[in-house]
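A short worksheet on the structure shown next.
The values are calculated or read from the model by the stated rules, or taken from the named source; none is laboratory data. Just so it is clear, the model here is predicted, and its values are computed rather than measured. Note that each Cβ is placed from the backbone with ideal geometry, even for glycine, and that neighbours are counted across all protein chains shown.
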Amino acid sequence: MGKKVALTGNEAAAHAMRQINPDVIAAFPITPSTPIPQGVAQFIADGKMDTEFVTVESEHSAMSACVGAAAAGGRVMTATSANGLALMWEILYIASGSRLPIVTAIAARALSGPLNIHGDHSDVMGIRDAGWIEIAAENSQETYDGLIQAIKIAENKDVMTPATVFFDGFDISHSIEIWEMEEDKKVKDFIGEYTPLYPLLNTKEPVTHGAWAPPDWYFEHRMNQLEGLLNAKEVVKQVGKEFGKEFGREYGLFEEYKMDDAEYVIVAMGSVCGTTKDAIDSLRAQGVKAGLLKVRLFRPFPYQEIAELLSNAKAVAVLDRVSPAGAQGGPLFTEVRSALYDVNNRPPVVDYTYGLGGRDTQPKHIKSVYEALMQIVNTGKVEKQFDCLNLRGTWG
């Protein structure tokens, strides 16, 4: 058993990094993730880490330094948010294309403009096709646990793919919660030592990183990269079980909340899931068979498992904390709806955008979604496939 602490999500991420004690951390400050590298810098100054902390002039340089350190054979981590993640965009593809198991903590935040520093999923959804493993955390505990697991997942020889654990900016990053911190030695033993497969600094076995791939090889390279990403799904389940055996908190691809007999289901990621659980408890007391499917692994997306789980629902609503940006719905919605395409008795699926730029989402807003699902089932009609929660005025 670890010890109970009352700390923020950012502090949870910083402590996970302290216990992992990677060879290199390169980072540039940006709200709301700044306290993570600040905390790491303090741990290093206090002699609690021997990590090489690289101070850089931008997030683009931070990820570039991470790529160089990981290619050299180091265990590497960083942290960022929003526009900082966007500035890394070019190098994210190089990290995944080079099969470098860099782990990044992201305090998910709105992208400008207009200027906004509060939480939503604009940044992490923007990199969903960059070839990174993406794990969503609901709270500080899952942020801490997720980063520790992400090291083992990314470094698995069948995966060798960078990974990010994202948690909602301010809602989690700056909110104090009670969570359980494990013993330093137990964490170190759990992740083990990292043995790089093809380090540049192994001069006895010289390798090339970042070589040009002409048309007759680029295609094969990308499919090989995809194989590593897809392999992560089984490794996520395996590591989640190992973590549960060691620390008592088991993780999978998603979490089911009162799904055994659920007729009306919300699919969501992040901190809104806590609010949704409260709404479900209230509705269940009234006899409403409401349930939640909380997606934990967004990339690679576990579409087969999710389709099977949702096939028994009467109606499904997906919550996206990002604008659809001209698509038929938000990113999570399009994934879920696509997953259900081949299900014979697929339920109707609707999409809601919520929480943009830090807008509050309360239990009453979640209850309105379940009420809309019940209306769909009662009438057999979907009046609005896309809607917004807690938006002033009307839309559409």
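Worth pointing out:
- None of Ser140, Ser58, Ser64 is surrounded by 18 or more Cβ atoms within 10 Å (Cβ to Cβ), more than 23 Å from Ala12 (Cα to Cα) and not hydrophobic (A, V, I, L, M, F, W, C) except Ser64.
- Long-range neighbours under 6 Å by Cβ, at least six apart or interchain, first residue not assigned by TED's automatic domain parsing to the domain that holds His15 within the range 28-42, second buried (at least 22 other Cβ atoms within 10 Å of the Cβ) and not in a helix (DSSP H, G or I): none
- Of everything listed in (1) within 24 Å of Trp132 (Cβ to Cβ); (2) at pLDDT 95 or above, the single unmet condition for Gly326 is (2).
Each row is one residue, and each column tells you yes or no for (1) in contact with an Asp or Glu (Cβ under 8 Å, 6 or more places away or on another chain); (2) under 22 Å from Pro324 (Cα atoms).
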{"position": "Gly126", "(1), (2)": "no, yes"}
{"position": "Gly131", "(1), (2)": "no, yes"}
{"position": "Glu134", "(1), (2)": "no, yes"}
{"position": "Glu142", "(1), (2)": "no, no"}
{"position": "Asp145", "(1), (2)": "no, no"}
{"position": "Ile151", "(1), (2)": "no, no"}
{"position": "Ala154", "(1), (2)": "no, no"}
{"position": "Phe166", "(1), (2)": "yes, yes"}
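- Screening Glu383 on (1) on the phi < 0 side of the Ramachandran plot; (2) modelled with pLDDT of 95 or more shows it passes everything except condition (2).
- Residues considered: Arg337, Arg392, Arg346. Of these, the only one that is of a type in the set (Lys, Arg), over 30 Å from Leu115 (Cβ atoms) and modelled with pLDDT under 95 is Arg346.
- The numbered conditions (1) part of a helix (DSSP H, G or I); (2) surrounded by 14 or more Cβ atoms within 10 Å (Cβ to Cβ); (3) not acidic (Asp, Glu) are all true for Lys185 except (2).
Listed here are the residues, each with its yes/no results for (1) at pLDDT 95 or above; (2) over 10 Å from the mean Cα position of the chain (by Cα); (3) of a type in the set (D, E, K, R); (4) assigned by TED's automatic domain parsing to the domain that holds Pro196.
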residue: Ala86; (1), (2), (3), (4): yes, yes, no, yes
residue: Ile94; (1), (2), (3), (4): yes, yes, no, yes
residue: Ile106; (1), (2), (3), (4): yes, no, no, yes
residue: Ser122; (1), (2), (3), (4): yes, yes, no, yes
residue: Ala130; (1), (2), (3), (4): yes, yes, no, yes
residue: Ala137; (1), (2), (3), (4): yes, no, no, yes
residue: Ser140; (1), (2), (3), (4): yes, yes, no, yes
residue: Asp145; (1), (2), (3), (4): yes, yes, yes, yes
residue: Ile148; (1), (2), (3), (4): yes, yes, no, yes
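- Checked against (1) in a helix (DSSP H, G or I); (2) within 23 Å of the chain's Cα centre (by Cα); (3) among the polar types (S, T, N, Q), Asn378 passes all but condition (2).
- The residue of the range 242-253 that is surrounded by the fewest Cβ atoms within 10 Å (Cβ to Cβ), among those that are of a type outside the set (Gly, Ala, Ser) and closer than 26 Å to Ile306 by Cα, is Lys245.
Yes/no per residue for (1) out of contact with any Phe, Trp or Tyr (no Cβ under 6 Å at 6 or more places or on another chain); (2) β-branched (Val, Ile, Thr); (3) buried (at least 17 other Cβ atoms within 10 Å of the Cβ); (4) closer than 28 Å to Ser140 by Cα:
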residue	(1), (2), (3), (4)
Phe190	yes, no, yes, yes
Glu205	yes, no, no, no
Glu227	yes, no, no, no
Gly240	no, no, yes, yes
Thr276	yes, yes, yes, yes
Arg296	no, no, yes, yes
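- Which numbered condition Ala213 misses (of (1) touching a His at 6+ places or on another chain (Cβ under 9 Å); (2) surrounded by 19 or more Cβ atoms within 10 Å (Cβ to Cβ); (3) over 30 Å from Asp360 (Cα atoms)): (2)
- Members of the range 159-182 found to be among the acidic types (Asp, Glu) and surrounded by fewer than 21 Cβ atoms within 10 Å (Cβ to Cβ), listed by number: Glu177, Glu180
- Considering (1) in the same structural domain as Ala82 (by TED's automatic domain parsing); (2) part of a strand (DSSP E or B), the lone condition that Glu234 does not fulfil carries the number (2).
- Ala372 vs. criteria small (Gly, Ala, Ser), at pLDDT 95 or above and touching a strand residue (DSSP E or B) at 6+ places or on another chain (Cβ under 6 Å): no
- Qualifying residue in the range 84-91 (condition: free of Cβ contacts under 8 Å to residues at least 60 places away in the same chain, over 23 Å from Pro29 (Cβ atoms) and surrounded by fewer than 24 Cβ atoms within 10 Å (Cβ to Cβ)): no
- Count of residues meeting criterion [surrounded by 15 or more Cβ atoms within 10 Å (Cβ to Cβ) and assigned to a helix (DSSP H, G or I)] in the range 344-367: 7
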